[in-house]
Amino acid sequence: MCKTITRVKDRIKECMKSGESEERDILKTVLGEIQGKKALNGKMSEEECIKVFKKFKQGVEDTIGFLKERCASDDMDIREIREIMEMENEISIYDRYIPATMSVVAIVKFLTGISDKIKDAKSDGQATGIAMGFIKNDKAASVDGKDVAIAVKQMRENSE
């Protein structure tokens with residue numbers, strides 16, 4: 001069983017005891033999604049659980065972006081400001097279950113030991129594959145694949 005499911009269930013119980021209904025409801029929704037996927041697939045890895053949190057977070061970030069864009073031309077009223085603040089709080093709840101990832105700058109530094117292999121690769125795709133293989137060997141490193149691709153591209157461009 002994925003550790004995240006246990007953490008979420010424990011936190012839901014804490015929220016029920018303390019009366020934190022907003023967080024409880026958010027976590028129940030995510031837990032329902034995770035359990036639905038688990039029922040379909042028979043199991044759920046830690047990475048798959050985290051992907052569900054990332055999906056929910058992305059949806060809220062998209063909504064905030066849409067609201068801010070729509071309100072950029074008009075003045076925001078207090079209701080819209082409150083709505084955005086509530087959504088930002090929701091994001092902070094999701095973030096508690098999403099491990100921090102390395103920045104592009106940190107990835108470049110991390111990959112300096114294999115920079116020659118990255119620069120000598122035939123394509124950016126092959127270089128990214130080399131980088132991802134190197135990073136996956138370090139269990140402590142957590143990265144976003146898109147950030148790795150950006151870091152690799154920067155490393156290859158700086159070598160020219």
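Here, each number is a calculation from the coordinates, and none is a lab measurement. As the structure is a computational prediction, the values presented were derived from the model and not from experiment. Virtual Cβ from ideal backbone geometry, glycine too; neighbours counted across all protein chains shown.
Whether a residue is surrounded by fewer than 15 Cβ atoms within 10 Å (Cβ to Cβ), of a type in the set (Lys, Arg) and at negative phi was assessed, and LYS117 does not pass this test. Listed by first and then second residue, the pairs with beta-carbon distance under 6 Å, at least 6 apart or on different chains, first residue in the stretch 75-86 and assigned to a helix (DSSP H, G or I), second β-branched (Val, Ile, Thr) and surrounded by 12 or more Cβ atoms within 10 Å (Cβ to Cβ), are ILE84/ILE64. Of all residues in the stretch 12-64, those that are in contact (Cβ under 8 Å) with a residue 40 or more places away in the chain and either part of a helix (DSSP H, G or I) or touching a Lys or Arg at 6+ places or on another chain (Cβ under 7 Å) (or both) total 13. Criterion first (within 25 Å of VAL30 (Cβ to Cβ) and not basic (Lys, Arg)) does MET87 satisfy it? Here the answer is yes, as MET87 does meet what is asked. Scanning the stretch 46-84 for residues that are of a type in the set (Gly, Ala, Ser) and exposed (fewer than 12 other Cβ atoms within 10 Å of the Cβ), we see that the one that is nearest to LEU27 (Cα to Cα) is GLY65. Determine the pairs where a residue that is of a type in the set (Asp, Glu), located within the stretch 124-136, has a partner that is surrounded by fewer than 17 Cβ atoms within 10 Å (Cβ to Cβ) with Cβ atoms under 7 Å apart, the partner being 6 or more residues away or on another chain. Pairs found: ASP124/LYS153. Can you tell me which residue within the stretch 53-101, out of those that are under 28 Å from ASP138 (Cα atoms) and of a type in the set (Lys, Arg), is nearest to the chain's Cα centre (by Cα)? Among those that are under 28 Å from ASP138 (Cα atoms) and of a type in the set (Lys, Arg), it is LYS54.
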